[in-house]
Amino acid sequence: MGTRLGALVERLGGQLVGDANLEVSGIAPLADAGVSHISFLSNSKLRAEALQSKAAALIVSAADDAFIAAGYHGARIVVPNPYVYFARAAQYFESLTAIVPPAGVHASAVVADSAQVAASAHIGARAVIEDGAVIGEHAVIGAGCYVGREAVVGEGTQFFANVTFHARCQIGKRGIIHSGAVIGTDGFGFANEGGVYIKIPQTGRVMIGDDVDIGANTTIDRGALADTIIEDGVKLDNQIQIGHNCHIGAHTAMAGCVGVAGSAKIGKYCTFGGAAMVLGHLTIVDKVHVGSGSMVSRSILEPGQYTGFYPLAKNADWEKSAAIVRNLSAMRDKIRALEKTIKTRTENES
Amino acid sequence: MGTRLGALVERLGGQLVGDANLEVSGIAPLADAGVSHISFLSNSKLRAEALQSKAAALIVSAADDAFIAAGYHGARIVVPNPYVYFARAAQYFESLTAIVPPAGVHASAVVADSAQVAASAHIGARAVIEDGAVIGEHAVIGAGCYVGREAVVGEGTQFFANVTFHARCQIGKRGIIHSGAVIGTDGFGFANEGGVYIKIPQTGRVMIGDDVDIGANTTIDRGALADTIIEDGVKLDNQIQIGHNCHIGAHTAMAGCVGVAGSAKIGKYCTFGGAAMVLGHLTIVDKVHVGSGSMVSRSILEPGQYTGFYPLAKNADWEKSAAIVRNLSAMRDKIRALEKTIKTRTENES
Amino acid sequence: MGTRLGALVERLGGQLVGDANLEVSGIAPLADAGVSHISFLSNSKLRAEALQSKAAALIVSAADDAFIAAGYHGARIVVPNPYVYFARAAQYFESLTAIVPPAGVHASAVVADSAQVAASAHIGARAVIEDGAVIGEHAVIGAGCYVGREAVVGEGTQFFANVTFHARCQIGKRGIIHSGAVIGTDGFGFANEGGVYIKIPQTGRVMIGDDVDIGANTTIDRGALADTIIEDGVKLDNQIQIGHNCHIGAHTAMAGCVGVAGSAKIGKYCTFGGAAMVLGHLTIVDKVHVGSGSMVSRSILEPGQYTGFYPLAKNADWEKSAAIVRNLSAMRDKIRALEKTIKTRTENES
């Protein structure tokens, strides 16, 4: 169930130093790799570990190869970016054993007559596909998923079990939506009349590009009047909430538990650490990196790394520092008084 | 598929200035509105934009109308609260095209013999309704929903696809529960015996009033012995967690990702920004407004606006300020020492 | 539907002072208990309340019994830990009326031929059990649950409705997984190539011990290459996110909305308050207690209680303190300048 090194290099590129007919059974980190594995050196600090790895072959950069070539017993594949090569090699090994869901509609699924399901698509047990929905070639709709009216699922996109994808929303090609995610739920929009909330119908859609991954139990609201937009290559982890009318630029990634309030406009190539929060109607430009647990309360118009969370401390120490934070303006006033006293005395003396 | 202005005003009130027979096809914001749309001016700062809107008609307050009447080309509906009127008008436009799920039980649904389902209710594909559950007139139970034993769903309440509503819980009239929400799960109650947790059965219910909206993937725990209470008109966004035995007062609204620990008692007409957190067993009185990302760690007994989150900064600046926060008591001690030094010198000199 | 006190003591231990034939119908807190209830005194501060309780019998510690024996009208069960005894008694009362789902597979469930379902297990309506899955004796798989290929569910473990439990993951005995939880979703692992994310296949599992409870809509990622591990007795509340390759030690408990990033290693007997966050690749030793809303950004190598959140204040006060926090290094510089000025003056004068 493995592969020859030659076959791997033919498929993924790289310069092979060693026997092209050598068989490797899988990929593993340096420390865990056995004698039938290929491993990878993606961090130069691990050169010593690489030399001691049992792996039959190693994915390595040219810079690191210069150091380990002499001492390493096995074959090497020299590549520009060993970690990316590892990802692709792992995908290849996985493809050798992956069980591809068969084309066709499970007998227990409920598919509307007017839905268009490609012949090569898989519709799992108990899935529901509503009127006018379109499921592309090689798409996989897992067991128990719900696809609403006139929703569109692109070619090769996979929904794991129990995804809810509401009416008229669209996702492009090669996407993944994990279990429990809910796409296209109503946004949180109300007008307040004397304390009582009047619902504003949410009639926009969620429009998702190609190569987008959406994590388990993540929710993305449909737009109020216009659409919520998720551009190509966006990666969202689990338990994320994206409000209505947000726009998330291409290749932006968000870790688990992030929340983005409505109408936020986020650029391309941004990253958000876990549980970061973004208030509504803000603009964040391209290449902004927000740290975990940080609250973005104003627009960020300059690329860079931003953080804001209270530092953890022993509880007793935190209680002291928090009490002072509560009264920081008193502390500032004391400093001003001191400055004034000294200034007065200096003036009096001169 | 639109409506005459006269019909709109007959239904929703307001003073029409213009042709009652003018047809409008839908509602849109000032900037997006086309020549067949009605739009609305809910913020006086946008008066100039209103004058340039292509909209055929405008919803406007008397105060703003005094400014724009002369310059605006189209019809106007003058009302006390344009934003509320917009919400109602949008509801009306939506009702013209909305597809109402048909009365009846889908063939693939599993409904217990002892459940009482009103004739006008809709039970979607693959839904499960357990023994003794009661589903009111015109209620809509979406595809894949689960309604537990003896649960009660009020008249006109809608569950979107894949809602879980557990045994004996109740929701009133005209409510909405969005996909993935879980109502009536066990609260987090344990007794600790030498480090090991012993589960305390959670035998209370979740009792939900009329006109309550609950967002996607929001969870509300059933009470331990007594009930968890959600009063009329409460609006909960997505990904919210409400602990067991909480009591949330009427017309309180919470944005996404809010968490409320067990037995918190929250008043009426409160608002909670996204990701605000409330510790357990606290009391929050009516008309308290808690900012996003703020942790409520003590009871709030006075109405008002409360906030508490660490301000975002460039990462390097945050590192500096966080290091000082960690040692604020050292800074306070230095100030005290300075004060003492100066006081001593002053006394010595006099 | 109640029990004799004698039967309770036979089953759960404790020293009964009073009539063994007295019937009690249920258990309730001191204030709520009626004349047919048993109640419990688990907090010595409530002794006065206990004396006034209507309860027919009281669970009490020896220390408290010395105070209330004379004044309390009813029977007493004297035990080492009244709260633990309450939990066990409540479990017993619940067992008297609980409706145990019947053994067998519901007609609407979809169970693969190669799945092994124990004869005493319950498979609910619309559940899907994939190839090679193993469901243990007396296990309960609720309506709409999904159990993936070769997943293993231990004896007596219960899944509430609409749980997703992915391929090859395992859970031990007597566990509970609440509705909407997703176990074994892909971890968030990518290699970045020129700004574009390349997915790293997630081929590890989630391995869960005995007596583990997992809350509603909680998500646990499968490992990337190795497994994610949840040891015996762990209790996870709702809406928690556990990243890939985490290891959570036995009898650790986490309240709602906690997030743990990938590869964190957490010890035994720890507790995490609601919405606490743990960054990836950290180590937290046994018996660490992290407060609600606190961000763990470094390893914690010493047991104890840790906290870190910004204190809540009236909004105007927060704005002042937050502005100063942003410029704390300026404040520190002023203090240093003052110290220097005074030092210089002192030196000049001497």
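Every read-out reported here was derived from the displayed coordinates using simple, explicitly stated rules and does not represent laboratory data. Predicted model only: the values in this text are computed from it and were never measured. Please note: Cβ atoms are built from the backbone with ideal geometry, for glycine as well, and neighbour counts cover all protein chains shown.
Calculate the translational D of the stretch A:193-278 in whole µm² s⁻¹ from Stokes-Einstein, where the hydrodynamic radius comes from the Kirkwood formula applied to all Cα pairs, the temperature is 25 °C and the viscosity 0.890 mPa s.
It comes out at roughly 189 µm²/s.
What does the charge add up to near residue C:196, with Lys and Arg as +1, Asp and Glu as -1, over the other residues with Cβ less than 13 Å from its Cβ?
-1
Just tell me how shielded C:126-137 is by partners: mean number of partner chain Cβ atoms within 10 Å of each residue's Cβ, no decimals.
Shielding by partners across C:126-137 averages 3.
Tell me, how many Å apart are the Cα centres for the stretch C:262-321 and for the stretch A:1-69?
39 Å
For peptide B:46-59, compute the average count of partner chain beta-carbon atoms within 10 Å of each residue's beta-carbon.
0
Measure off 7 Å from each Cα along the Cα-to-Cβ vector at residue B:320 and residue A:107, then give the distance between these two points in nanometres to one decimal.
Between residue B:320 and residue A:107, the simple spin-label model gives 7.1 nm.
Hey, for residue B:9 with labels 7 Å out along Cα-Cβ, what do the inter-copy distances come to in nm, ordered shortest first?
Those label-point separations list as 8.2, 8.2 nm.
Label position 7 Å from Cα toward Cβ: report the copy-to-copy distances for residue B:52 in nm, one decimal, ordered from shortest.
Label-point distances to the other copies, shortest first: 7.0, 7.0 nm.
Give me the compactness ratio for the stretch A:105-306, meaning the Cα radius of gyration over 2.2 N^0.38 Å.
1.03
Roughly what would the spin-label model give for residue A:52 and residue B:48, points 7 Å off Cα along C-beta, in nm?
The two pseudo-label positions are separated by 7.0 nm.
Let me understand the stretch C:290-350 better: what is its radius of gyration from the alpha carbons, and its Dmax, in angstrom?
Spelled out, the Cα radius of gyration and Dmax of the stretch C:290-350 are 18.8, 53 Å.
Please give the charge dipole size of the protein assembly as shown, origin at the Cα centre, charges +1 on K and R Cβ atoms and -1 on D and E Cβ atoms. Round to the nearest 20 debye.
With Lys and Arg at +1 and Asp and Glu at -1, about 2980 debye.
Hey, any idea what the orientation-averaged projected area of the convex hull of the protein assembly as shown's Cα atoms comes to, in nm²?
Average projection, Cα convex hull of the protein assembly as shown: 52.6 nm².
Given N residues in the stretch A:3-97, what is its alpha carbon radius of gyration divided by 2.2 N^0.38 Å?
With N residues counted in the stretch A:3-97, Rg over 2.2 N^0.38 Å equals 0.93.
For the stretch A:110-226, take every pair of Cα atoms, bin their distances at 10 Å starting from 0, and report each bin as a whole percent.
Reading the bins upward from 0: 16, 47, 25, 9, 3, 0.
Along Cα-to-Cβ, 7 Å out, sits the label point; list in nm, shortest first, how far the one on residue B:301 is from those in the other copies.
4.5, 4.5
Give the share of C-alpha pairs in each 20 angstrom bin for chain B, from 0 to the last occupied bin, in whole percents, shortest bins first.
Here the calculated profile for chain B is 24, 41, 27, 7, 1.
For the pairs A:340/B:334; A:199/A:265; A:314/C:320; A:173/A:268, note any where the Cα-Cα span goes beyond 21 Å.
A:199/A:265; A:314/C:320
Taking the Cα atoms of the stretch A:142-199, what is the range of coordinates along each of the three principal axes, in descending order and whole Å?
Here the Cα extents, ordered largest to smallest, are 49, 18, 17 Å.
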